[in-house]
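Student: First the structure, then my questions, so here it is.
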Amino acid sequence: MSGIIKFGVRPEILASSAVGGYTESKGNLGRYFDLTDPTDKFGKKTFEQAESEMQRLALNFALKKSGLGPEDLEAVFAGDLMNQCTGSSFGLAGFGIPFFGLYGACSTAAESLILAAMSVNAGYFSRAAAVSSSHNSAAERQFRFPLGYGCQRPPTSQWTATASGAFIIGKGGESTGVALTEALPGRIVDKGITDQSNMGAAMAPAAAATLYTYFTESGNHPDDFDLILTGDLGREGHEICYELLSSSGLRLGENFTDCGILLYDSEAQDLHSGGSGCGCSAAVTAGFIMKRFAESRLRNVLLVGTGALMSPTSVLQGLAIPGIAHLVRFSSL
């Protein structure tokens with residue numbers, strides 16, 4: 001039985017918004033953000049509070065673009081990297097919308113989009129939001145080292161994006177002209193990777209498994225798509241994923257790239273393997289990808305959200321880092 005979900009009513013992206021920090025504003029996609037803050041604080045006292053504020057701002061921008069209010073949404077699916085998803089719960093509490101807190105690590109954007117689209121497709125909700133975020137400083141001191149420690153990062157490490165992306169999903173009407181047409185929920189893949197400075201290697205096998213399953217079961221060809229995006233493997237994981245797929249007989253072309261590669265300028269910004277974090281693929285998709293659809297420069301895109309399902313405790317206990325990869329297909333109406 002195929003694991004691919006085909007959305008019959010074609011849930012549409014009614015609006016989307018991206019918010020980012022200083023490093024993101026200086027990257028390749030800086031102009032596609034609705035708002036960036038040079039302080040990374042967004043007017044708040046702590047970085048954790050700043051992450052919550054990013055989610056609030058992103059959802060507010062998306063609502064404004066759609067012409068809707070919080071009362072018009074029947075649910076919000078949201079997640080982040082902080083313990084117990086406090087970035088989402090504190091950031092979205094004031095909207096008064098029924099809330100589903102999610103944790104899929106860097107795959108959270110794709111996970112939230114799938115769940116929101118499934119709910120709308122099934123008729124349980126007329127409109128729902130999908131929101132996710134990450135903050136470099138909040139994530140670094142939770143998962144790695146104190147910010148003032150000054151630890152040297154290895155070349156395989158990725159930069160957690162200070163960013164948030166929000167999407168409003170509905171049954172149609174005044175939309176961006178982009179629909180979610182298919183989804184493929186991922187399976188947990190554990191290849192025994194224990195290096196938390198090489199998340200790309202931990203997540204790449206899951207991304208390869210999901211892509212191989214999709215192209216095997218769907219009958220589609222990679223050339224049918226304008227872009228095939230992982231989010232976020234970085235350069236290291238992207239290369240591993242390509243090699244794994246090639247060894248399985250599935251060779252992807254120049255349309256295969258990664259949100260963590262697109263977001264930053266590899267020449268001007270010393271961010272090693274590229275970007276990561278819940279906010280990376282969320283902001284790249286909500287900002288850059290949706291804008292390209294609006295310009296009719298994209299018509300068919302696969303997003304494969306990849307996540308490293310670890311915690312500070314699991315790493316300290318010496319456990320491996322399992323990966324997950326959820327696939328979403330966007331198509332022009």
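The values are calculated or read from the model by the stated rules, or taken from the named source; none is laboratory data. None of these values were measured; they are calculated from a predicted model. Because the Cβ atoms are built from the backbone with ideal geometry, glycine has one as well, and the counts that use them run over all protein chains shown.
Student: Going through the range 83-105 one residue at a time, which ones are among the aliphatic types (A, V, I, L, M), over 15 Å from the mean Cα position of the chain (by Cα) and not in a helix (DSSP H, G or I)?
Tutor: 97
Student: Could you list, in sequence order, all residues of the range 1-20 that are in a loop (DSSP other than H, G, I, E, B) and touching a residue at least 40 places away in the same chain (Cβ under 8 Å)?
Tutor: Answer for the range 1-20, where residues must be in a loop (DSSP other than H, G, I, E, B) and touching a residue at least 40 places away in the same chain (Cβ under 8 Å): 2, 3, 4, 7, 8, 9, 10, 11.
Student: Something else about it: Which of (1) touching a strand residue (DSSP E or B) at 6+ places or on another chain (Cβ under 8 Å); (2) surrounded by fewer than 21 Cβ atoms within 10 Å (Cβ to Cβ); (3) over 27 Å from residue 181 (Cβ atoms) is the odd one out, the single condition residue 98 does not satisfy?
Tutor: It is condition (3) that residue 98 fails.
Student: Can you tell me which condition residue 39 does not meet? The list is (1) part of a strand (DSSP E or B); (2) among the β-branched types (Val, Ile, Thr); (3) over 19 Å from the mean Cα position of the chain (by Cα), and all the others hold.
Tutor: So the condition that residue 39 fails would be (1).
Student: Can you tell which of 81, 73, 92 is under 30 Å from residue 210 (Cα atoms), crowded, with 22+ Cβ neighbours inside 10 Å and among the aliphatic types (A, V, I, L, M)?
Tutor: After ruling out the rest, the residue left standing is 81.
Student: Under the condition of being touching a Phe, Trp or Tyr at 6+ places or on another chain (Cβ under 7 Å) and of a type outside the set (A, V, I, L, M, F, W, C), which residue from the range 3-22 is surrounded by the fewest Cβ atoms within 10 Å (Cβ to Cβ)?
Tutor: The extreme case among them is 17.
Student: Among the residues of the range 106-141, which ones are outside any helix (DSSP H, G or I) and surrounded by fewer than 24 Cβ atoms within 10 Å (Cβ to Cβ)?
Tutor: Of everything in the range 106-141, those that are outside any helix (DSSP H, G or I) and surrounded by fewer than 24 Cβ atoms within 10 Å (Cβ to Cβ) turn out to be 123, 124, 125, 126, 127.
Student: Need a quick list: helices (runs of 4 or more DSSP H) entirely within the range 189-263 having at least 1 residues that are surrounded by fewer than 20 Cβ atoms within 10 Å (Cβ to Cβ), basic (Lys, Arg) and in contact with an Asp or Glu (Cβ under 8 Å, 6 or more places away or on another chain).
Tutor: 234-247
Student: Another question about this same structure. Please name all residue pairs, on different chains or six or more residues apart, with Cβ atoms under 6 Å, provided the first residue is in the range 216-233 and is within 16 Å of residue 275 (Cβ to Cβ) and the second residue is crowded, with 17+ Cβ neighbours inside 10 Å and among the polar types (S, T, N, Q).
Tutor: From the range 216-233, the pairs are 230/306; 231/281; 232/276; 232/281; 233/306.
Student: Residue under question is residue 87, and the condition is that it be more than 19 Å from residue 328 (Cβ to Cβ), small (Gly, Ala, Ser) and out of contact with any Asp or Glu (no Cβ under 9 Å at 6 or more places or on another chain); does it hold?
Tutor: no
Student: If residue 149 satisfies every condition in (1) modelled with pLDDT of 95 or more; (2) loosely packed, with under 15 Cβ neighbours inside 10 Å; (3) among the aromatic types (Phe, Trp, Tyr) but one, which is the exception?
Tutor: Looking at each condition in turn, residue 149 falls short on (1).
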